[in-house]
Amino acid sequence: MTETANPADPAIRASGLRRSFGATPAVADLELEVAAGAVFGLLGPDGAGKSTLIRMLATVLRPDAGDAHVFGHSVISEAGKVTPRIGYMSQKFSMYPDLSVAENMEFFATIRGVSRADRRTRAATLLAGMGLDEFTTRQAQHLSGGMKQKLMLATTLMHEPDLLLLDEPTTGVDPVSRREFWRILAGLHRAGKTVLVATPYMDEAERCTQIAFLDRGQIKQSGTPEQIKARIPGRLVEVAATEPRAALAAVQGVPGVDSAHLLGDVVRVLWSGSAEPESVLRAALAAAGVGGAGTREVAPDMETVFAYLADSSAGSGNLLADPDEAPGTGVSP
Amino acid sequence: MSLKRIRLLIWKEFIQLRRDPLLIRLLLLMPVLQLILFGYVVAVDVRNLSTAVVDLDRTATSRSLESAFSGSGYFTVTRHVGSENDLRPLLDSGTVKVALVIPEGTQDRLTRGETAPIGIIVDGSDSQISAIGSGYAAQIVAQFNTERRDALGIQLAAPGIDARVRVMFNPTLDPINTMIPGLIAAIMMISLLAIMSQAVVKERESGTLEQMFVTPIKATEYLIGKLTPYAALATAQMLLVAAGGMLWFKVPFNGDFWVVLTGLALFMLTCLGLGLLVSLVSRTRHQAQQAVMFIMIPTMVLSGFIFPIQSMPAIIQPLTNLIPLTFALQVLRGAFVKGSGFEALAVPMLALVGFGVVIFGAAIVATRRRISE
């Protein structure tokens, strides 16, 4: 358990990984490599296969075809060598609801063979570090959403795994707890742990060292957040107006506008024309009689990239559809 | 196999059981209450049957015969009527269930050493009453004859009173003595299935089962750790229910303690295994509950608990061998009532062992096969 990762082996190498449920392939011939020490963000709409991939890597789900190696060990034939080095946090809260915080941690650590002395010191450190030390005797079912996730992470860390597989660990958690959670992950990253994290939150994707977009069981794009953002064709312009809906109507159909959609009270326009977008757009707005309009070119953020990638793979022409209107993207505003 | 991990699982399970507010009531209190309640349902009609007496003899003998009936506890004389013709409306309306007709000249006949016929009319609309009521009546008359003969101290040529019972004669055993052992087994099965069937599926629903797969724990360790606390509770339940049934209903215990205990223990393991299997293959708690229902209904109907197997159609009878309760009933009724030993009950006992082996084998296979959904 204290064995350090061999730098020669990537933390994860999956090839030809496939798993279907009935006739529907959840993960289809997937190739993936995650370097040791990375914080690897797994993005994609609901049903893209994120959970299925993570569960196969965690050895709890058997692949139909292909194989994955975790620190050089096959998840199929050497599951017993994989599990001591990983910590798996499922999407759903999966601790015993009627056991207390301390009992849950004690149980899962003991069953993994962590010595009594290690259990004591690690539990104390983890609980204090996560602000759970006041709640050790509270039953898990009576914890708040954020505390439940922290308990699961703490329990997952008790045997000091080298690779953390986290399936949407902050879904349904308040923003303060989410920041707190990522602060802990940053600490683990500094300590040299590898983290594979599925997330629907784009701000979280920005904090990863590597990200991959998963869609229909395959990785469509991967790279650093900067590399991914650079792949968006064209330029992004925000149009602010007193009547945003009127502004949206005015810019739609203007030659050079790839797509336009409302985000809050601004209109976001993806521009692929050769002319300077701001002057063209301002002219169009003025011609339509939209008052109080201003334009500003912005750098594409993850939110935009995600919507673009989700839409382009779905074959839709509307590249910047509001993610909330696209069913199943799981993106919260 | 690691004893340390098994011990840890047992410790965890006990903490959870202790925190389950329903469990103790469901596992210990309810079976005892059910037993007493159902026991009375079985018991109530065979005692204090309302009885009409037509005493046409009006002698010391006829009066002592009547008091033999009323003193037995099975019959309560509620009416005296002047003639047999007056009986019909009483029986029709259900005012009385049994009528005793002592013809004129009964004492004279007995004194002359002749056989004296008397009439016993039993309401045949309730087969339970007619069978048991006539059985008791015959016993009382036989007892009366024996006592009279002993009192006279002489050998008589004729047997004395000849009871002519109008409905068929059905044997012998006090039904409560055969019902209580059956009830003990049936109640044990219901409560153990109900509780055990939730044990694993609860963990599947809460996600802890999946978490378990990321630990070094083995299928057999998991099963032993899961089963042991429940087996301990089930043993407590078994002793409580068996003792409760015997003491409350004063069921005579003719059997060998170890035979009964072995039979109950084998059946208990079969029930726990069956519950465990249901729990392993169910996806949700609701599914598990439904599966238990589907198991319980044929069990109750086909095991011989309610309907005698001998009276089932010949095609159905082999099916009863697929039901563990069938064999548990054979063991318990045999051991409780007849005092049968291991040798006489070898077949049903081995059948229970066979069920256990098959069920637990399937449970291990089901645990090894990982949650593939």
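On the basis of being touching a Ser or Thr at 6+ places or on another chain (Cβ under 8 Å), closer than 21 Å to residue A:70 by Cα and within 14 Å of chain B (Cβ to nearest Cβ), does residue A:163 make the cut? Here the answer is yes, as residue A:163 does meet what is asked. Checked against the criterion of being of a type in the set (Lys, Arg), outside any helix (DSSP H, G or I) and away from chain A (no Cβ under 14 Å), region B:51-67 has at least one qualifying residue. Looking at A:53, A:42, just one residue is part of a strand (DSSP E or B), crowded, with 23+ Cβ neighbours inside 10 Å, more than 7 Å from every other protein chain (Cβ to nearest Cβ) and in contact (Cβ under 8 Å) with a residue 60 or more places away in the chain, and that residue is A:42. In the set (1) of a type in the set (A, V, I, L, M); (2) within 26 Å of residue B:197 (Cβ to Cβ); (3) within 24 Å of the chain's Cα centre (by Cα); (4) outside any loop (DSSP other than H, G, I, E, B), the condition left unmet by residue B:364 is number (3). Here B:315, B:371 are screened, and the one residue that is modelled with pLDDT under 85 and in a loop (DSSP other than H, G, I, E, B) is B:371. The residues of region A:75-88 that are of a type in the set (S, T, N, Q) and either within 12 Å of chain B (Cβ to nearest Cβ) or under 24 Å from the mean Cα position of the chain (by Cα) (or both) amount to a single one, A:83. Close contacts from region A:293-304, counting a first residue that is free of Cβ contacts under 8 Å to residues at least 40 places away in the same chain and a second that is of a type in the set (Gly, Ala, Ser) and surrounded by 21 or more Cβ atoms within 10 Å (Cβ to Cβ), with Cβ to Cβ under 6 Å and a gap of 6+ residues or different chains, come to none at all. In region A:292-319, the residue that is modelled with the highest pLDDT out of those that are assigned to a loop (DSSP other than H, G, I, E, B) and more than 20 Å from the chain's Cα centre (by Cα) is A:299.
Residues that are in contact with a helix residue (DSSP H, G or I) (Cβ under 9 Å, 6 or more places away or on another chain) and either acidic (Asp, Glu) or not in a strand (DSSP E or B) (or both) within region A:84-100 comprise A:90, A:91, A:92, A:93, A:94, A:95, A:96, A:97, A:98, A:99, listed in sequence order.
Would you mind stating whether residue B:360 is of a type in the set (Phe, Trp, Tyr) and loosely packed, with under 15 Cβ neighbours inside 10 Å?
Details: of a type in the set (Phe, Trp, Tyr): yes; loosely packed, with under 15 Cβ neighbours inside 10 Å: no.
The answer is no for residue B:360.
Restricting attention to region A:101-120 and to residues that are facing another protein chain (nearest Cβ under 9 Å) and not in a helix (DSSP H, G or I), the residue that is farthest from residue A:36 (Cα to Cα) turns out to be A:113. Can you name every residue in region B:68-85 that is assigned to a helix (DSSP H, G or I) and in contact with a strand residue (DSSP E or B) (Cβ under 8 Å, 6 or more places away or on another chain)? Residues satisfying the conditions are B:69, B:70, B:84.
Take the conditions acidic (Asp, Glu), over 29 Å from residue A:190 (Cα atoms) and within 11 Å of chain B (Cβ to nearest Cβ) and apply them to residue A:29. Does it pass?
Details: acidic (Asp, Glu): yes; over 29 Å from residue A:190 (Cα atoms): yes; within 11 Å of chain B (Cβ to nearest Cβ): no.
When the stated conditions are applied, residue A:29 does not pass them.
If the condition is being within 14 Å of another protein chain (Cβ to nearest Cβ) and of a type in the set (Ser, Thr, Tyr), then region B:215-243 contributes B:215, B:222.
The condition of being part of a strand (DSSP E or B) and under 22 Å from the mean Cα position of the chain (by Cα) holds for only one of A:14, A:48, that being A:14. Annotation: of all residues in region A:171-198 being in a loop (DSSP other than H, G, I, E, B) and modelled with pLDDT of 90 or more, the one that is surrounded by the most Cβ atoms within 10 Å (Cβ to Cβ) is A:193.
Of the residues making up region B:27-57, those that are under 24 Å from residue B:182 (Cα atoms), more than 15 Å from the chain's Cα centre (by Cα) and surrounded by 15 or more Cβ atoms within 10 Å (Cβ to Cβ) number 5.
Here B:34, B:16 are screened, and the one residue that is within 14 Å of another protein chain (Cβ to nearest Cβ) and part of a helix (DSSP H, G or I) is B:16.
Just wondering, is there one or more residues in region A:15-25 that are within 11 Å of chain B (Cβ to nearest Cβ), surrounded by 15 or more Cβ atoms within 10 Å (Cβ to Cβ) and not hydroxyl-bearing (Ser, Thr, Tyr)? There is at least one residue in region A:15-25 that is within 11 Å of chain B (Cβ to nearest Cβ), surrounded by 15 or more Cβ atoms within 10 Å (Cβ to Cβ) and not hydroxyl-bearing (Ser, Thr, Tyr).
Residues in region A:56-83 that are surrounded by fewer than 18 Cβ atoms within 10 Å (Cβ to Cβ) and part of a helix (DSSP H, G or I): A:80, A:81. Given the condition of a type outside the set (Asp, Glu) and surrounded by fewer than 12 Cβ atoms within 10 Å (Cβ to Cβ), answer yes or no: does some residue in region B:333-341 qualify? Looking for residues that are of a type outside the set (Asp, Glu) and surrounded by fewer than 12 Cβ atoms within 10 Å (Cβ to Cβ), one finds none in region B:333-341, hence no.
The values are calculated or read from the model by the stated rules, or taken from the named source; none is laboratory data. Source: prediction; values computed, not measured. All Cβ positions, even for glycine, are placed from backbone atoms using ideal geometry, and neighbour counts span all protein chains on display.
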